[in-house]
Amino acid sequence: MPEFITQPWSWYVSGALIGLTVPALLLLGNKHFGISSSLRHICAACFPGKVPFFNYNWKREAWNLFFVAGIVAGAALAVNFFSNHQPVQVAPQTVQALSALGVATDGNLVPHSIFNFSNVFTLKGLVFFVVGGFLVGFGTRYAGGCTSGHSIMGLSTLQWPSLVATVCFMAGGFAVVHLVFPWLFKII
Amino acid sequence: MATKPIHDEFTEQVTTPDECSAGNDQVAKESLVGSNIKYLGMGILFGIIAVKSEIISWYRIQEMFRLHSFHMYGVIGTAVVVGAISVWLIKRFKIKTLQGETVVLHPRQFHWGNVIGGLLFGIGWGITGACPGPLFAQIGSGSLVVVITLLSAIAGTYVYGIVQKKLPH
């Protein structure tokens with residue numbers, strides 16, 4: 001495998017390829033880039049109950065479920081076949097800031113000290129998996145989209161509500177990292 | 001504040017079947033597997049890009065929210081510029097879909113969920129280091145414990161579906 005594939009990709013190559021997802025999906029069949037919708041389709045397909053929000057023809061939106069299934073497979077291919085297996089490089093200031101919180105930069109994509117099964121039934125697991133995941137699912141649906149649907153698809157089509165949503169995504173992230181993390185890591 | 005009807009692309013399609021839904025605007029009939037297999041292919045490409053660009057890394061998200069690296073801003077910024085130029089070209093030259101249909105785009109209507117939901121998602125993004133796409137990619141990359149995060153995200157979406165009408169929009 002050539003080195004330009006196995007090394008981490010630059011922001012401009014990655015960004016351009018992600019940007020091309022928008023016209024690719026539109027031209028393949030009038031599909032709108034947006035990944036958080038898949039979570040709703042999963043609800044609609046598996047346990048719609050009598051909730052009107054989940055009673056629609058999810059089969060028409062099944063392309064979205066094929067897309068996310070592809071993401072899982074593509075990520076597995078990338079780490080197993082298109083990687084140079086070098087540690088992930090993190091900005092020195094971030095390494096330092098995380099170290100002050102007790103999170104080691106271990107060269108993985110996600111810190112093993114947080115993302116491992118032994119944390120599932122701990123306070124750490126409750127915060128990082130259960131609460132964090134819940135906020136991602138609840139927040140994206142309430143906002144009407146996520147980073148793909150609002151920040152990339154919405155901004156690409158010049159929708160100002162998507163700009164508002166994107167600014168709020170960033171504000172929420174900044175707030176939790178700077179205001180909540182310092183004391184959160186003291187108690188977990 | 002909750003009086004305004006919620007713009008909802010999918011249920012709208014159920015109540016008024018003639019209306020196109022955002023998400024899928026193709027008119028030509030599609031089979032469940034045969035027509036959708038190409039989106040599996042697109043997803044595979046996206047998953048590879050998501051890993052190779054390291055946007056699925058919890059550390060990269062930390063760098064972004066700490067303003068210690070340009071990487072994430074570069075990725076998202078470039079994606080928006082390339083996406084916007086592509087959409088402009090599609091409209092300018094009236095490029096048709098593979099099925100020969102006109103590309104349909106939907107205006108987004110502002111509602112307070114953009115703000116409140118946006119902030120809540122941002123908090124979740126900061127904690128998990130993943131938006132929905134990277135959740136799937138993290139699982140594929142071998143962080144199997146993220147399955148729990150994904151299940152919780154599905155639960156969050158489900159709870160939203162139940163309480164939707166009671167929330168300010």
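FYI, it's all coordinate maths here, none of it is from the lab. Keep in mind that this is a model prediction, so the values were computed, not measured. Note: ideal-geometry Cβ built from the backbone for every residue, glycine included; neighbour counts use all protein chains shown.
Applying both filters, DSSP loop and at most 12 other Cβ atoms within 10 Å, to the trypsin sites (Lys or Arg not before Pro) of the range A:1-75 gives A:50. Any of B:29/B:166; A:31/B:52; A:50/B:91; B:38/B:91 with alpha carbons more than 31 Å apart? Name them for me. Listed pairs above 31 Å: B:29/B:166; A:50/B:91. Partner shielding of A:38-48 amounts to 5, given as the average count of beta-carbon atoms from other chains within 10 Å of each residue beta-carbon. By the beta-carbon count within 10 Å of each Cβ, the least crowded to most crowded order of A:53, A:181, B:136, fewest first, is A:181, A:53, B:136.
Here's how it looks for residue B:24: its modeled amide H is under 5 Å from those of A:32, which are all 5 or more places away or on a different chain.
Here the Debye sum runs over all C-alpha atoms of chain A as equal scatterers in vacuum, and log10 of I(q)/I(0) at q = 0.13, 0.17 Å⁻¹ comes out as -0.96, -1.51. Within straight-line reach of residue A:186, meaning a Cα separation under 19 Å, sit the following lysines at least 8 residues removed in sequence or on another chain: A:124.
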